[in-house]
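Input: a single structure, listed below in structure tokens.
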Protein chains: 2
Amino acid sequence: MKEQTISKATIDRLPLYYRTLRLAQDDGMDIISSDELGRRLELTPEQIRKDLALFGQFGKKGVGYYVNELKFNVGKILGLDNHWNIAIVGIGHLGVALANYQNFIALGFNLVALFDNDPNIIGKTVNHVKVKSIDELQSCAKNLKIDIGVIAVPAQFAQQVADKLVKANIKGIWNFAPVKMRVPEDVKIVNEDLSVGLSRLSYYITGK
Amino acid sequence: MKEQTISKATIDRLPLYYRTLRLAQDDGMDIISSDELGRRLELTPEQIRKDLALFGQFGKKGVGYYVNELKFNVGKILGLDNHWNIAIVGIGHLGVALANYQNFIALGFNLVALFDNDPNIIGKTVNHVKVKSIDELQSCAKNLKIDIGVIAVPAQFAQQVADKLVKANIKGIWNFAPVKMRVPEDVKIVNEDLSVGLSRLSYYITGK
């Protein structure tokens with residue numbers, strides 16, 4: 001039901017809310033106004049009130065939002081309280097960088113498995129997790145209860161990795177390969193394109 | 001002027017338009033309708049017409065948009081025709097992954113320099129570019145005409161790298177360190193937070 005009533009744009013903003021609230025919490029703030037939240041998120045206070053009203057009543061008029069409570073609730077909406085188990089496939093430089101990325105742990109995700117097909121990489125340990133052969137994906141997915149598969153392999157191998165992840169019954173795929181993937185409708189996929197951020201920066205510095 | 005009239009959300013969508021048009025071009029499409037563009041971008045046709053109308057008249061009523069022309073124009077708006085020179089600071093796993101990322105080159109960015117402070121890394125070659133000492137940043141920035149600095153160092157070193165980039169007169173910073181950076185107003189900064197995509201995926205699989 002929620003997918004019908006909440007726009008994709010709002011959903012895309014929720015992780016930014018969560019991050020901003022986490023930083024506000026780190027700053028020791030108890031209460032944050034929609035003005036201040038708007039300043040930090042570069043959104044109008046009206047937009048913020050509209051976004052957050054969709055999920056219930058988190059603020060107190062004339063006071064602001066309780067940082068801890070709002071962060072908890074946004075985290076709950078995002079499903080971060082599920083503490084999803086993550087596996088990364090492709091332990092090249094990108095895979096290692098992702099395995100070491102501290103922000104995932106801060107959000108409650110658990111890195112439970114790493115996979116590669118290169119005998120020189122299989123058996124290595126990255127961030128306390130041993131790299132397994134891709135052939136073990138299916139059995140591990142079940143035993144380790146993997147929820148999310150991260151695709152960090154070169155483009156030409158991405159679809160076959162996606163197929164393996166689907167076959168292993170994972171719930172969602174986070175794809176870094178710059179190709180359009182074919183997956184069944186019930187498997188959710190988020191494509192990460194790093195060139196989007198760089199293109200945005202290009203826009204901002206053009207004409208300077 | 002453009003920054004007053006075009007919303008941040010629209011600017012954020014432009015790189016996605018550009019990518020989608022590039023894929024349509026690869027598919028051999030000459031003309032694309034706002035319906036098809038909307039389907040590929042998960043936006044309503046109305047939103048697409050509204051976004052693109054901000055920049056001029058790119059479509060033909062009842063026919064659609066000319067893919068090449070529209071891509072060229074969106075690229076021009078994004079400033080991709082400037083073929084910005086990029087330097088990456090921090091050649092750990094993330095830095096190497098970014099140096100090898102093919103999508104940047106496809107967008108016309110030039111990787112011109114790599115910097116690190118580790119004697120074991122300085123002198124190595126990644127994607128045909130030799131890693132230099134961070135001490136050479138200032139002189140290289142001038143000689144190689146570096147436009148954009150990418151920060152791929154651990155969080156605790158990020159601010160001092162940003163300071164060096166600012167001192168070297170670069171135009172923009174693309175920051176992967178999960179910290180809020182202090183830079184003068186005339187230096188543009190885009191913060192990349194990889195956990196945003198993962199949080200979004202968490203939302204989509206929650207309640208499945």
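Points worth noting:
- Once the range A:52-94 is narrowed to residues that are small (Gly, Ala, Ser) and within 14 Å of chain B (Cβ to nearest Cβ), the residue that is surrounded by the fewest Cβ atoms within 10 Å (Cβ to Cβ) is A:GLY92.
- Within the range A:100-130, the set of residues being out of contact with any helix residue (DSSP H, G or I) (no Cβ under 9 Å at 6 or more places or on another chain) and closer than 20 Å to A:ASN143 by Cα comprises A:GLY123, A:THR125, A:HIS128, A:LYS130.
- Looking only at the range A:174-188, residues that are more than 8 Å from chain B (Cβ to nearest Cβ) and under 22 Å from B:SER202 (Cβ atoms) come to 8 in all.
- Residue list for the range B:99-120, filter: farther than 13 Å from B:VAL131 by Cβ and touching a His at 6+ places or on another chain (Cβ under 9 Å): B:ASN100, B:GLY108, B:PHE109, B:ASN110
- Qualifying positions in the range A:132-187 - in a strand (DSSP E or B) and surrounded by 22 or more Cβ atoms within 10 Å (Cβ to Cβ): A:ILE148, A:GLY149, A:VAL150, A:ILE151, A:GLY172, A:ILE173, A:TRP174, A:ASN175
- Of all residues in the range A:99-116, those that are under 19 Å from A:ILE170 (Cα atoms) and not charged (D, E, K, R) total 10.
- Among all residues of the range A:105-126, there is at least one that is crowded, with 18+ Cβ neighbours inside 10 Å, within 19 Å of the chain's Cα centre (by Cα) and either at the interface with chain B (Cβ under 9 Å from one of its Cβ atoms) or in a helix (DSSP H, G or I) (or both).
- When residues of the range A:188-199 are limited to those that are under 21 Å from B:ASN100 (Cβ atoms) and in contact with a strand residue (DSSP E or B) (Cβ under 9 Å, 6 or more places away or on another chain), the one surrounded by the fewest Cβ atoms within 10 Å (Cβ to Cβ): A:ASN191
- Residue within the range A:192-202 that is without any contact (Cβ under 8 Å) to a residue 60 or more places away in the chain and more than 7 Å from every other protein chain (Cβ to nearest Cβ) present: no
- Within the range B:166-208, the residues that satisfy the criterion of being aliphatic (A, V, I, L, M) and within 20 Å of B:LEU137 (Cβ to Cβ) are B:VAL166, B:ALA168, B:ILE170, B:ILE173, B:ALA177, B:VAL179, B:MET181, B:VAL183, B:VAL187, B:ILE189, B:VAL190.
- Residues being within 25 Å of the chain's Cα centre (by Cα) and modelled with pLDDT of 85 or more - total across the range B:30-42: 7
The values are calculated or read from the model by the stated rules, or taken from the named source; none is laboratory data. Small disclaimer: the values here were computed from a predicted structure and weren't measured. No Cβ is skipped: glycine too gets one built from the backbone with ideal geometry, and neighbour counts run over all protein chains shown.
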